[in-house]
1. With contacts defined as alpha carbon pairs under 8 Å and 6 or more residues apart, what's the relative contact order of the chain in percent?
2. Diagonalise the Cα gyration tensor of segment 2-66 and give the resulting equivalent ellipsoid semi-axes, square root of 5 times each eigenvalue, largest first, whole Å.
3. Lys/Arg Cβ at +1, Asp/Glu Cβ at -1, dipole of segment 59-132 taken about the Cα centre: which of Val101, Pro78, Asn121 is farthest positive-ward?
4. Can you classify segment 77-234 as rounded, prolate or oblate using the Cα gyration tensor, where a ≥ b ≥ c are the square roots of its eigenvalues, rounded means a/c under 1.5, and otherwise it's prolate if a/b beats b/c and oblate if not?
5. Given springs between every Cα pair under 10 Å in a Gaussian network model of the chain, which of Glu19, Glu257, Glu48 has the largest fluctuation?
6. Stretched out fully, how many nm does the piece from Glu288 to Thr10 gain, at 0.36 nm a residue minus the Cα gap?
7. Ranked by Cβ crowding within 10 angstrom, fewest neighbours first, how are Val73, Val141 ordered?
8. At 222 nm, what helix-only mean residue ellipticity would the chain give, in deg cm²/dmol to the nearest 500, using -39500 (n - 2.57) for each DSSP H run of four or more?
Amino acid sequence: MLKGVVVRSTGSWYDVEAEDGKKYAARMIGKFRLVSKKVTNPVAVGDEVMIELDDTDEQAAVIKKILDRRNYVVRQSPRKKHNAHLLASNIDQAILIITVVEPNLKQGFIDRFLIMTEPYNIPVIIVFNKSDLYNDGDMAVYNFMKDLYEKIGYTVMLASADSGEGMDELRASLNGKISLFSGQSGVGKSSIMNTLSDKLNLRTDYISDRSGKGQHTTTFAEMFSLDDDSKIIDTPGIKTLAFNHLEVKDVTHNFKELFEHSSGCKFSDCTHRNEPKCAIKDAVEAGEISELRYGNYLQIIEEIEDQNYWERNKDI
């Protein structure tokens, strides 16, 4: 048996770079579970695995064991609503690509993405791409967002894959790390990655004139090497993020500024809505917590509660 790292996932087959320096097409036999969650893809890019070589095919193998993960990023499966979907594992940071225009900014998506990374305290760099298209009003939006998210501990960058603005700063932040790249369709994620390395040549596409939305260009998650010490993981563009695999307390604990203020609430299980003596509501009124972030928090927990409990937990 050999130890290796999963560098590409197609859903049924996995490319594994093994310690012998070779790459194997590996399949999985048997069932693996992610703690208590039912997942559509129990093996993810970034997983360290033990593989057994195929006696009949020197380039094929079977995944026999998934080694312990130090972290992972998981979302609700877009196809099987009652299952979770692993985006990647064992990452050092996440790079969220956003833009103010083409397509227009959906600020709530940023907060939904951060719910996936906060449970493991995975650092996130929020990159606003397409800065060459921004007018004065767009720049005002960017500066507002930069101030909002930097105040609560996230790094925010302005960039353009076309003009090259911010590319040196972003490239420097990747040194020596495994970085997950993600974002909604059409924000220019693949273009940025191509700018970071001329070896990638990822396919890009234009915004749909009819819908104003981006077209999916990445089909499967895949890990690429920028150099010997730096790796990036490309993931398919995300249209929406939902969380019926979470409970309200999971969201409450992972809006970091809400969690920090929650020690002042009268009740330890306060959901920060209608409870008396809620420190979060007081902080929102005082301008210490963003009304935008608080509104997004309320929307997410209401969505989770609206999901029928039995439907979210039945064994499929």
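1. With pairs under 8 Å counted, the relative contact order is 15 percent.
2. That gives 20, 12, 10 Å for the three semi-axes.
3. Projecting each Cα onto the dipole axis, the largest value belongs to Pro78.
4. Rounded, because the longest to shortest axis ratio a/c is under 1.5.
5. Result: Glu19 has the largest fluctuation of those listed.
6. That works out to 95.6 nm of additional length.
7. The order, fewest Cβ neighbours first, is Val141, Val73.
8. -7500 deg cm²/dmol
Every number in this text was worked out from the coordinates using simple rules, so none of it is lab data. Computed from a predicted model, the values in this text were never measured in an experiment. With ideal geometry, Cβ positions are generated from the backbone for all residues, glycine too; neighbour counts draw on all protein chains shown.
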